[in-house]
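The values are calculated or read from the model by the stated rules, or taken from the named source; none is laboratory data. All figures in this text were calculated on a predicted structure; none of them were measured in a lab. Here the Cβ is made from the backbone with ideal geometry for all residues, glycine too, and neighbour counts use every protein chain on show.
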């Protein structure tokens, strides 16, 4: 497994001024990481905001991919941005949901404190940019994992995003938005299952 820090996030927070980060940077980071490691038969998994990165990164990587997995992602259609999607009545912005409710509704106090301490500023560019690619490349199967207890992106919102991404299947997990923290084993098992790696 490879976890990628995109520019403007994590260990690469100060690598580039946040107001200069763009959506192409995100896609480039993913492509560069996979190509530099010469990875093949890749299951590319993205969570939440990564719905804008996966389709763009997938096309130049098509020969290296086994499957795309969208984990409770926001997927604007071509010509719209994440900010546009936040006008949806079900979006966390429209519902005025605070960070702790969005990300920690099924976490205990210790896990909530850990997760909230790791949140940082979000580069504004990728949120405002209109996407030019909304679906993965033909021939690469895709799965949308719908998180049934998600308070950031409610199930009805997630189903709409899965349709926009043209996911081949929707599978569910009884977890909130931060399933990697609240249900790590269950999420790992599900990823193995949809990736056909556990057979």
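When you check residue 60 against the structure, is it assigned to a helix (DSSP H, G or I), at pLDDT 95 or above and more than 16 Å from the chain's Cα centre (by Cα), yes or no? Judged against the criteria, residue 60 is a match.
Of everything in region 19-46 that is in contact with a helix residue (DSSP H, G or I) (Cβ under 7 Å, 6 or more places away or on another chain) and in contact (Cβ under 8 Å) with a residue 60 or more places away in the chain, the residue that is surrounded by the most Cβ atoms within 10 Å (Cβ to Cβ) is 26. The condition of being farther than 24 Å from residue 120 by Cα, under 16 Å from the mean Cα position of the chain (by Cα) and outside any loop (DSSP other than H, G, I, E, B) holds for residue 43. If you go through region 103-137 and keep only what is out of contact with any helix residue (DSSP H, G or I) (no Cβ under 8 Å at 6 or more places or on another chain) and assigned to a helix (DSSP H, G or I), you end up with 109, 110, 113, 117.
Residue-by-condition table, conditions (1) loosely packed, with under 13 Cβ neighbours inside 10 Å; (2) part of a helix (DSSP H, G or I); (3) in contact (Cβ under 8 Å) with a residue 24 or more places away in the chain:
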{"residue": "153", "(1), (2), (3)": "no, no, yes"}
{"residue": "164", "(1), (2), (3)": "no, yes, yes"}
{"residue": "167", "(1), (2), (3)": "no, no, yes"}
{"residue": "172", "(1), (2), (3)": "no, no, yes"}
{"residue": "185", "(1), (2), (3)": "yes, yes, no"}
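Among the residues making up region 90-102, a single one is in contact (Cβ under 8 Å) with a residue 40 or more places away in the chain, in a loop (DSSP other than H, G, I, E, B) and surrounded by fewer than 16 Cβ atoms within 10 Å (Cβ to Cβ): 90.
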